[in-house]
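Asks: The structure that follows is given in the form of structure tokens.
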Amino acid sequence: MKIIGMIPARIGSQRVKKKNLRLLHKRPLIDYILEAASKVEIFDHIYLNSDDEIFAELCEPYGITYYKRPQKFATDTSTNDEFAEEFLSKIGCDILIQMLPTSPFVVTKDINNFISYMLEHNFETLVSVEHKQIACVYESEPINFEKLIPNPPSQLMKPIKAYATALMGWKSEIFLKNMRKYGSAYHGGVSKTGFFELKGLSTIDIDSEEDFNLAESIMISKSYPRVSKPEYYSGIQEHIEEDKNEEKE
């Protein structure tokens, strides 16, 4: 079975200019997923699918191949379905794993677990998701709660699966079959579709200036030593005594 990794990256972006090249903690945003993907041993090959040659410079040190995307699939209106279909028409494989550069906190372990889960359950499409275990609405209507009954504790609510988008997996044959028949395959079309939960920082997706600021703050905080064990407030008197002891020292 041939498993190919693909990292899509356009040079243009609407909300954040040249998002994939923008520095995050002194490294281009895309560099984080390049590094994580390059350490996944199950891949037969990894490609960076882009419309601009500058990305070839970034992927070369990681042993990742630059794939030149046709310009017509690099516009603001181009869809994931379109450029993935074009890619699969040129690059043969059994399974395609897509990894987004806008998820800089996805690590090699996440990718390995995602692929293993797809193979173990023989899914034809696998979508990365995050659980939202809190009251959710769609078009002003409740999804996982009732407005006329007491609200249960959040830990008892049925979680909503929201797309994390960081990782997507498709069996190539099924993807292309859905494209031919329906003109759509990204969400799975007619296939055995599964959902893989990402947790914590891996769910952060950078799409705005605020997202960049948050990610930069997280990167900075990760460089500081971590607190060895949780600490709790235990009353004002104890804090007074601690302050006195510190002054003596």
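Asks: Given that just one value was derived from the coordinates, which of [x] 12.7; [y] 11.5; [z] 19.4 is mean projected area of the Cα convex hull in nm²?
Replies: Read-out taken from this structure: [z].
Asks: So in the chain, what percent of DSSP beta bridges are antiparallel if you round to the nearest 5? Could the numbers behind the result be given before it?
Replies: Values: 16 of 35 bridges.
Of the beta bridges lying entirely in the chain, close to 45 percent run antiparallel.
Asks: What number comes out for accessible area per residue over the chain if the probe is 1.4 Å? Units Å², please. Walk me through the intermediate numbers first.
Replies: Values: 14740 Å² over 249 residues.
The answer is 59 Å² per residue.
Asks: Excluding ligands and nucleic acids, what accessible area in Å² is computed for residue 109 using a 1.4 Å probe, to the nearest 10?
Replies: 140 Å²
Asks: Could I ask something else about it? May I ask for the distance between the Cα centers of region 67-137 and region 1-45, given as a whole number of Å?
Replies: 12 Å
Asks: Round to the nearest 0.05 the FRET efficiency obtained for residue 15 and residue 154 when R0 = 30 Å and r is the Cβ-Cβ distance. The partial results should precede the final answer.
Replies: Values: r = 31 Å, r/R0 = 1.02.
Once rounded, the FRET efficiency stands at 0.45.
Asks: To continue, here is another question. Give, rounded to the nearest 20 debye, the magnitude of the charge dipole that the chain has about its Cα centre when Lys and Arg contribute +1 at Cβ and Asp and Glu contribute -1 at Cβ. Mind showing how you got there, number by number?
Replies: Numbers: 30 positive and 38 negative charges, 183 e Å.
For the chain, the charge dipole is close to 880 debye.
Asks: Could you look at the chain and say what percent of its accessible area is carbon and sulfur, using a 1.4 Å probe and all protein chains? Can you show the working numbers first?
Replies: Values: 7630 of 14740 Å².
Heavy-atom surface of the chain belonging to carbon and sulfur, 1.4 Å probe: 52 percent.
Asks: Along the positive direction of the dipole of the chain (beta-carbon charges: Lys, Arg +1; Asp, Glu -1; about the Cα centre), which of 156, 79, 21 reaches farthest?
Replies: Going by the charge dipole, the pick is 79.
Asks: Listed here are the pairs 90/177; 2/161; 19/132; which of them are more than 18 Å apart at the Cα?
Replies: With Cα atoms farther than 18 Å apart: 2/161; 19/132.
Asks: Round to the nearest 10 and report in Å² the accessible area of residue 102, as given by a 1.4 Å probe over the protein chains' heavy atoms.
Replies: That residue has around 10 Å² of solvent-accessible surface.
Asks: Would you mind putting 79-88, 39-48, 207-216 in packing order, based on average other-beta-carbon counts within 10 Å, highest first?
Replies: Values: 79-88: 19.2, 39-48: 16.9, 207-216: 13.8.
The packing order, highest mean first, is 79-88, 39-48, 207-216.
The values are calculated or read from the model by the stated rules, or taken from the named source; none is laboratory data. Here the structure is a predicted model, which means the values were calculated and not measured. So basically every Cβ, Gly included, is an ideal-geometry build from the backbone, and we count neighbours across all protein chains shown. Accessible surface is based on the protein model in full, side chains and every heavy atom, while ligands, DNA and RNA are left aside. Shrake-Rupley method; radii C 1.70, N 1.55, O 1.52, S 1.80 Å.
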